1. Find the residue count for region 71-98, including only residues that are over 18 Å from Leu35 (Cα atoms) and away from the ligand (no atom under 16 Å from the Cβ).
2. Here are some conditions: (1) surrounded by fewer than 16 Cβ atoms within 10 Å (Cβ to Cβ); (2) in contact (Cβ under 8 Å) with a residue 24 or more places away in the chain; (3) touching a Lys or Arg at 6+ places or on another chain (Cβ under 6 Å). His79 meets all but one. Which one does it not meet?
3. Being open to solvent by less than 50 Å² (accessible area, probe 1.4 Å) and part of a strand (DSSP E or B) is the filter here, so list the residues in region 86-103 that pass it.
4. Starting from residues that are of a type in the set (Gly, Ala, Ser) and part of a strand (DSSP E or B), keep the ones in region 44-70 and report whichever is farthest from the ligand (Cβ to nearest atom).
5. Among the residues of region 13-38, write down those that are open to solvent by less than 20 Å² (accessible area, probe 1.4 Å) and touching a residue at least 24 places away in the same chain (Cβ under 8 Å).
6. Here's a check for you: in region 25-36, which residue that is out of contact with any Cys (no Cβ under 9 Å at 6 or more places or on another chain) and within 15 Å of Gly94 (Cβ to Cβ) is nearest to the ligand (Cβ to nearest atom)?
7. Of all residues in region 104-129 being at pLDDT 95 or above and charged (D, E, K, R), which is most open to solvent (accessible area, probe 1.4 Å)?
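The values are calculated or read from the model by the stated rules, or taken from the named source; none is laboratory data. Everything numeric here is computed off the predicted structure, so don't read it as measured data. With ideal geometry, Cβ positions are generated from the backbone for all residues, glycine too; neighbour counts draw on all protein chains shown. With ligands, DNA and RNA removed, areas are computed over all heavy atoms of the protein, side chains included. Shrake-Rupley method; radii C 1.70, N 1.55, O 1.52, S 1.80 Å.
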Amino acid sequence: MEWRLGRSEEIPEGGRRLFRLGDEVIGVFRVHGRLVAYANRCPHQGGPVCQGEVLGRLEELVGPDRSVTGERFSTEVLHLVCPWHGWEYELATGRCWGDSRLHLRAYPVEEREGTVYVTTGPRPDGGGE
Ligand code: FES
């Protein structure tokens, strides 16, 4: 089922909005110009992951002798941090940073003529919405 969510400008770069679509709450984010949409349920224990902090991935700075000289937050790779236990997911892909077998449940999202649409439906594994 396709849902009309609103105008594109309502989700600017770095922005997020949550929508209740039937029984599901979905978070829509704009990251590096592209929209992504995820179920607001963390694969760990069901926490409201889409309401978590968005932070740059923590990167270590390594000197010429291969020793760690400092840390910085990436401006390219952004993580969504689940507020319940801190599991981190790559915002652009939904992949769990600590366990690449786990992903946020993603929904197809597109913009047409300045309007945002999300499509929900049965999971490919035959499960419900
Ligand atoms: S429910 Fe999200 S980290 Fe535990």
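1. Total meeting the criteria: 4.
2. Checking His79 against (1) surrounded by fewer than 16 Cβ atoms within 10 Å (Cβ to Cβ); (2) in contact (Cβ under 8 Å) with a residue 24 or more places away in the chain; (3) touching a Lys or Arg at 6+ places or on another chain (Cβ under 6 Å), the one that fails is (1).
3. Selection gives Tyr89, Glu90, Cys96.
4. First, pick out the residues of region 44-70 that are of a type in the set (Gly, Ala, Ser): 46-47, 52, 56, 63, 67, 70.
Applying the additional criterion that residues be part of a strand (DSSP E or B) yields 56, 70.
Numbers: Gly56: 19, Gly70: 27 Å.
That would be Gly70.
5. Restricting attention to region 13-38, the residues satisfying the condition of being open to solvent by less than 20 Å² (accessible area, probe 1.4 Å) are 15, 21, 26-29, 31, 35-38.
Scanning region 13-38 gives Leu21, Ile26, Gly27, Val28, Phe29, Val31, Leu35, Val36, Ala37, Tyr38.
6. Taking region 25-36 as the starting set, the residues that turn out to be out of contact with any Cys (no Cβ under 9 Å at 6 or more places or on another chain) are 30-36.
After this cut, where a residue has to be within 15 Å of Gly94 (Cβ to Cβ) as well, the list is 30-32, 34-36.
Numbers: Arg30: 22, Val31: 19, His32: 24, Arg34: 24, Leu35: 22, Val36: 18 Å.
Looking at residues that are out of contact with any Cys (no Cβ under 9 Å at 6 or more places or on another chain) and within 15 Å of Gly94 (Cβ to Cβ), I get Val36.
7. First, the residues of region 104-129 that are at pLDDT 95 or above: 104-119.
With the extra rule that they be charged (D, E, K, R), the set shrinks to 105, 110-113.
Details: Arg105: 50, Glu110: 84, Glu111: 78, Arg112: 90, Glu113: 181 Å².
Within region 104-129, the match that is most open to solvent (accessible area, probe 1.4 Å) is Glu113.
Residues checked against (1) surrounded by 14 or more Cβ atoms within 10 Å (Cβ to Cβ); (2) in contact (Cβ under 8 Å) with a residue 12 or more places away in the chain:
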residue: Asn40; (1), (2): yes, yes
residue: Gln45; (1), (2): no, yes
residue: Val49; (1), (2): yes, yes
residue: Leu58; (1), (2): no, yes
residue: Gly63; (1), (2): no, no
residue: Ser67; (1), (2): no, no
residue: Arg72; (1), (2): no, yes
